[in-house]
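One structure below.
Read-outs throughout are calculated quantities, based only on the coordinates presented, and are distinct from any laboratory measurement. These numbers come from a predicted model, not from an experiment. With ideal geometry, Cβ positions are generated from the backbone for all residues, glycine too; neighbour counts draw on all protein chains shown.
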Amino acid sequence: MKKILSILSIIVLFSCSKTEDQIIDTPSSENYILDFRISVKGSIIIGTVNETDNTISLTTLNANVENILPVITISANSSISPKSNVPQDFSEPVIYKVTSEDGSEKTYEVIITNQNISIDDENQILFFSLPIGGENIEGEIDEENKIINFNVAGADLNDIYPTIQISENATIIPSANEAQDFEQEIAYTIIASDGTPSIYRVVVNNRPLSDENSLLHFSVSDGITSSEALIDETNGIISFSFGELDKSSLTTTISLPEYATISPEIGTVQDFSEPVIYTVTAENGDVKEYKVIANLPLISNSGFGNTILKFFSGAEMIVNGEFIDLTLPNSKLFLFDGVNEYPLEINSATNTWYNLIQHSRVSVQIPESTPTNA
């Protein structure tokens with residue numbers, strides 16, 4: 001019985017040994033260049049690997065590419081020829097062959113494009129503009145202080161892409177292709193091709209839009225005679241005296257607040273035989289209207305002669321003023337208490353002319369039916 005068990009043990013041990021012998025590692029087929037970089041003038045340049053075309057591209061600037069020592073990372077357990085850290089002449093493309101662990105091969109063409117540009121210390125901003133309000137506004141460049149100034153009003157300065165021209169061969173940080181918030185000062189660094197930097201500050205003075213829309217001056221002329229107008233801001237009335245002269249073709253001279261506009265335009269020939277409406281628009285869009293009246297009727301005082309007295313029913317009253325022409329249709333004089341009109345009886349009216357002004361004196365009677373108070 002013991003002999004049979006021993007034979008079985010030998011068979012089991014033999015079977016286990018046979019299974020272990022069948023576990024075999026398969027060689028890797030990986031044969032890639034994972035990273036290809038070079039050092040030029042202290043700067044590390046990493047190549048762009050294109051697995052479709054099996055190319056590796058790098059760009060250098062004013063470099064000697066005839067003796068470049070590349071550092072190459074390849075797939076695990078693979079080998080490469082020429083080897084990493086071996087100097088090569090890259091004035092022409094160099095072929096690298098990567099061999100995987102299982103012996104399969106893959107070739108890469110390494111191309112270094114060397115840009116030769118002149119080295120200088122030019123590092124200026126030559127032109128700088130911002131798109132504001134639908135137009136490109138050019139900044140004023142103060143080269144001595146390295147400041148670029150803008151003066152705008154009510155502008156939205158967020159996320160603006162500037163247009164910038166710099167010295168040839170120079171570079172700029174941040175890029176002109178980056179949007180900026182010009183509500184705050186932005187600094188741009190211009191680096192010459194020899195590495196010399198200069199810093200410009202862009203300052204945008206963005207004042208609020210003006211709300212001024214009150215006329216400052218208004219006058220008219222027929223080419224011979226001129227008349228200065230009175231401006232009543234409270235009632236929005238502009239009046240001027242032009243007597244019996246022709247008012248159908250007068251040229252205006254007008255002074256406006258800064259940034260405001262007016263319609264009709266300054267200098268436009270107008271017919272002032274009837275009132276004309278002028279509209280003044282502030283920079284922020286606020287509008288104010290004026291009615292321009294030639295020979296505006298005006299009551300300067302009323303009383304008994306030159307004395308101002310209390311009035312009473314049946315009393316005679318003298319009304320003095322300018323351009324009180326009661327012969328015009330619908331003309332009348334009346335007392336007004338803020339609600340009701342009380343017509344006055346006209347006794348007599350006289351007019352005299354002086355400096356284009358018709359001076360009027362009217363004698364009236366206060367009707368007995370007119371109510372009075374204390």
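Observations, loosely collected:
- Size descriptors for the stretch 114-248 (Cα atoms only): Rg and Dmax, in that order, 25.7, 88 Å.
- Loop-resident sites, the stretch 330-374, for GluC sites (Glu not before Pro), counting at most 14 other Cβ within 10 Å (DSSP): Glu368
- Taking each residue as 0.36 nm, the span from Thr48 to Asp286 lengthens on full extension beyond its C-alpha to C-alpha distance by 79.7 nm.
- DSSP finds beta bridges in the stretch 157-295, and of those with both partners inside it, around 90 percent are antiparallel.
- Computed on the stretch 298-365, with alpha-carbon pairs under 8 angstrom and 6+ residues apart, the relative contact order is 33 percent.
- DSSP loop trypsin sites (Lys or Arg not before Pro) with at most 14 other Cβ within 10 Å excluded, longest remaining stretch of the chain: 84-309
- Only helical runs count toward this figure. For the chain, summing -39,500 (n - 2.57) over DSSP H runs of n ≥ 4 and dividing by all residues gives -2000 deg cm²/dmol at 222 nm.
- Based on Cα atoms of the stretch 153-206, Rg over Rh with Rh as the Kirkwood radius reads 1.02.
- Bridges between two residues of the chain, per DSSP, are antiparallel at a rate of about 85%.
- Considering every alpha-carbon pair of the stretch 221-362, the percent of pairs per 5 Å bin, from zero through the bin containing the longest distance, is 2, 8, 15, 18, 16, 14, 10, 9, 6, 3, 1, 0.
- Net charge of the neighbourhood of Gln358, taken over other residues with C-beta under 10 Å away and scored Lys/Arg +1, Asp/Glu -1, is -3.
- Here the Karplus relation 6.51 cos²θ - 1.76 cosθ + 1.60, evaluated at θ = phi - 60°, turns the backbone of the stretch 36-45 into coupling constants of 9, 9, 10, 10, 10, 6, x, 9, 8, 10 Hz, with x for every Gly and Pro.
- Under the Debye formula (equal points on every Cα, no solvent term), log10 I(q)/I(0) of the stretch 64-151 at q = 0.13, 0.23, 0.25 Å⁻¹: -0.63, -1.13, -1.20
- Mean shadow area of the stretch 33-115, taken as a quarter of the surface of its Cα convex hull (nm²): 5.1
- The GluC sites (Glu not before Pro) of the stretch 185-273 that meet both conditions, a loop assignment by DSSP and at most 13 other Cβ atoms within 10 Å of the site Cβ, are Glu185, Glu233, Glu244, Glu258, Glu265.
- Greater than 26 Å apart at Cα, pairs in Lys83/Lys106; Lys41/Lys83; Lys41/Lys146: Lys41/Lys146
- Virtual spin-label span in nm between Glu212 and Ala187, 7 Å along Cα→Cβ: 3.7
- Placed amide H near Leu356: partners under 5 Å, 5+ positions off or other chain: none
- With N as its number of residues, the chain has a Cα radius of gyration that, divided by 2.2 N^0.38 Å, comes to 2.29.
- Here the Karplus relation 6.51 cos²θ - 1.76 cosθ + 1.60, evaluated at θ = phi - 60°, turns the backbone of the stretch 69-77 into coupling constants of 9, x, 10, 10, 10, 10, 4, 4, 6 Hz, with x for every Gly and Pro.
- DSSP beta bridges fully contained in the stretch 33-115 are about 75 percent antiparallel.
- Between the Cα long axis of helix 2-21 and the first principal axis of the chain there is an angle of about 50°, rounded to the nearest 10.
- Taking the square roots of 5 times each eigenvalue of the Cα gyration tensor of the stretch 217-294, largest first, gives ellipsoid semi-axes of 22, 13, 10 Å.
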